[in-house]
Amino acid sequence: RCLDATANVYLFVAALDASGMDGMKQTTPLTITDCPLAPQLYSPEEAERRLREYGITERMPKSLEVALKYVQEDEELRGWVGEELFAQYHRVKDIEIQHFSGMSDEVRRQKFLDYF
């Protein structure tokens with residue numbers, strides 16, 4: 001998920017730092033470069049073509065449920081943040097999914113605008 005007002009900035013920075021340190025330790029090449037594009041300004045096909053020039057070949061998850069599925073499968077990330085913190089985070093996000101899934105898109109949008 002992209003960093004937004006709903007994110008825990010401390011967890012975001014910790015995960016970003018941990019992934020960077022792990023990449024340096026394993027000498028993983030950085031294949032994505034700085035992207036000055038706003039993909040929403042292009043058709044999906046054109047955006048995909050242009051993003052590929054910057055090494056961006058995968059889309060971000062379209063929902064919290066899908067993002068949590070990926071996180072659940074990521075043993076490396078779980079190791080970085082620790083099992084206890086990971087379990088707590090996952091429980092909170094599961095409750096968030098339950099709470100907001102019963103709302104229409106408009107009501108959910110308004111709630112987020114009110115909260116953040």
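The values are calculated or read from the model by the stated rules, or taken from the named source; none is laboratory data. What you see is a predicted model, and the numbers here were worked out from it, not measured in a lab. Here Cβ is always computed from backbone atoms with ideal geometry, including for glycine, and neighbour counts include all displayed protein chains. These accessible areas exclude ligands, DNA and RNA; they are computed on the full protein's heavy atoms, side chains included. Shrake-Rupley method; radii C 1.70, N 1.55, O 1.52, S 1.80 Å.
Right, THR27: over 18 Å from the mean Cα position of the chain (by Cα) and over 22 Å from HIS99 (Cβ atoms) or not? Yes.
Considering only residues of the stretch 63-84 that are open to solvent by less than 90 Å² (accessible area, probe 1.4 Å), part of a helix (DSSP H, G or I) and free of Cβ contacts under 8 Å to residues at least 40 places away in the same chain, which is farthest from ARG108 (Cα to Cα)? The extreme case among them is GLY79.
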